Amino acid sequence: MASGTKHGGKKRGKAKPSTSALDGWKKPPPEVLRAPHGLDLAAFDRASTPGWKHGRKAGEQLVARHADELSELQERLFAEGRSGGTRSVLLVLQGMDTSGKGGIVRHVVGLVDPQGVAHRSFGVPTPEEARHHYLWRVRRALPPAGYIGVFDRSHYEDVLVARVDELVPPEVWEKRYDEINRFEERLVESGTSLVKVALLVSPEEQRARLLKRLDRPDKYWKYNPGDVDARLRWSAYQEAYQAVLDRTNTEVAPWHAVPADRKWFARLAVSELLLDALRRLDLGWPAADFDVGTERARLLAT
């Protein structure tokens, strides 16, 4: 007879939380970073560090200190998925070019085992994708059970780029806000913890980051002349982002507004949001579905 079951058994040991409840934050990060209803992007300080009491060094130290817990919780999630669990986490990173999405994938998501990460970036639809509903490719990219999914750009491109570049008429993109809300509600109901992050960079900081790419031959590959075209439509993009925050910041799937001018703070913020999502799952290790004593005896006899 098995000594335990895969599901419903007693959880074995919790991942050790940090030594302090707030660790340098004035309030819990999900609370202070959650985008309030009515947030005015025009007045949003993109170089600020909301809720953080210290500077860069302390922020980087906290990310490093939480790395082991983040990694263990990701492993517990992966183990649960391998044992018949249905839960997953999806991190949505949305922001203008140079807002730091790639850096967060490397420096935050990179802290966990890559085998448990499903990363996807949504660019221009392929011919096959264009033949389907715009959410078709998104559904196909959702993280399997046990995985942390990362969308570096996401389904929100279809109410941002599609709107600003007039890829579809207004009557088409206008109805997508409600469709996205329904899609995300069903996603959460299915067992996916959704963490939506708007990385908000200032036009001045974006210009500086683009210039750095032109100053270094090893960064030329990152430069896209189309980024300048997007800057010429900055006001239109900000209007589109404002609509996204106004219309898709729901109780089920809230947005978090993260100032992105300071890369270290953006990485700290997203690290804390991801860690909070994993902690809330209250993950344990799956119980053995075999008799441990019997298997130990069999192994020792070999």
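Can you pull out the residues in region 40-62 that are over 14 Å from residue 270 (Cβ atoms) and either of a type in the set (Asp, Glu) or in contact with a helix residue (DSSP H, G or I) (Cβ under 6 Å, 6 or more places away or on another chain) (or both)? Scanning region 40-62 gives 40, 41, 45, 56. Of all residues in region 23-38, those satisfying the criterion of being part of a loop (DSSP other than H, G, I, E, B) and open to solvent by 30 Å² or more (accessible area, probe 1.4 Å) are 26, 27, 28, 36, 37, 38. Within the bounds of region 2-12, is there any residue that is modelled with pLDDT under 95, among the charged types (D, E, K, R) and either surrounded by 14 or more Cβ atoms within 10 Å (Cβ to Cβ) or closer than 29 Å to residue 99 by Cβ (or both)? Looking for residues that are modelled with pLDDT under 95, among the charged types (D, E, K, R) and either surrounded by 14 or more Cβ atoms within 10 Å (Cβ to Cβ) or closer than 29 Å to residue 99 by Cβ (or both), one finds at least one in region 2-12, hence yes. Checking each residue of region 214-227 against the condition of being in contact with a Pro (Cβ under 6 Å, 6 or more places away or on another chain), surrounded by fewer than 18 Cβ atoms within 10 Å (Cβ to Cβ) and not small (Gly, Ala, Ser) gives no match. Listed here are the helices (runs of 4 or more DSSP H) enclosed by region 39-147 that have at least 2 residues being open to solvent by less than 40 Å² (accessible area, probe 1.4 Å): 56-82, 101-107, 136-140.
Of everything in region 148-165 that is surrounded by fewer than 21 Cβ atoms within 10 Å (Cβ to Cβ) and touching a Phe, Trp or Tyr at 6+ places or on another chain (Cβ under 6 Å), the residue that is nearest to residue 80 (Cα to Cα) is 153. Restricting region 250-273 to residues that are assigned to a loop (DSSP other than H, G, I, E, B) and over 15 Å from the mean Cα position of the chain (by Cα), which is farthest from residue 38 (Cα to Cα)? Among them, the one singled out is 262. Which one is farthest from residue 180 (Cα to Cα), of the residues in region 231-246 that are open to solvent by less than 30 Å² (accessible area, probe 1.4 Å) and of a type in the set (Ser, Thr, Tyr)? For region 231-246, the residue satisfying everything is 237. In region 252-275, is there at least one residue being of a type in the set (Asp, Glu) and open to solvent by 40 Å² or more (accessible area, probe 1.4 Å)? No, every residue in region 252-275 fails to be of a type in the set (Asp, Glu) and open to solvent by 40 Å² or more (accessible area, probe 1.4 Å).
When the helices (runs of 4 or more DSSP H) confined to region 164-234 are screened for residues that are touching a His at 6+ places or on another chain (Cβ under 8 Å) and touching a residue at least 12 places away in the same chain (Cβ under 8 Å), those reaching at least 2 such residues are found at 176-189. For the criterion of being part of a loop (DSSP other than H, G, I, E, B), among the hydroxyl-bearing types (Ser, Thr, Tyr) and surrounded by fewer than 15 Cβ atoms within 10 Å (Cβ to Cβ), residue 302 passes. Looking at the structure I just gave you, is residue 206 within 19 Å of residue 97 (Cβ to Cβ) and surrounded by fewer than 21 Cβ atoms within 10 Å (Cβ to Cβ)? No, not satisfied.
The values are calculated or read from the model by the stated rules, or taken from the named source; none is laboratory data. Keep in mind that this is a model prediction, so the values were computed, not measured. A quick note on method: Cβ atoms are made from the backbone with ideal geometry, for glycine too, and the neighbour counts reach across all protein chains shown. Accessible surface areas use protein heavy atoms only, side chains included; no ligands, DNA or RNA. Shrake-Rupley method; radii C 1.70, N 1.55, O 1.52, S 1.80 Å.
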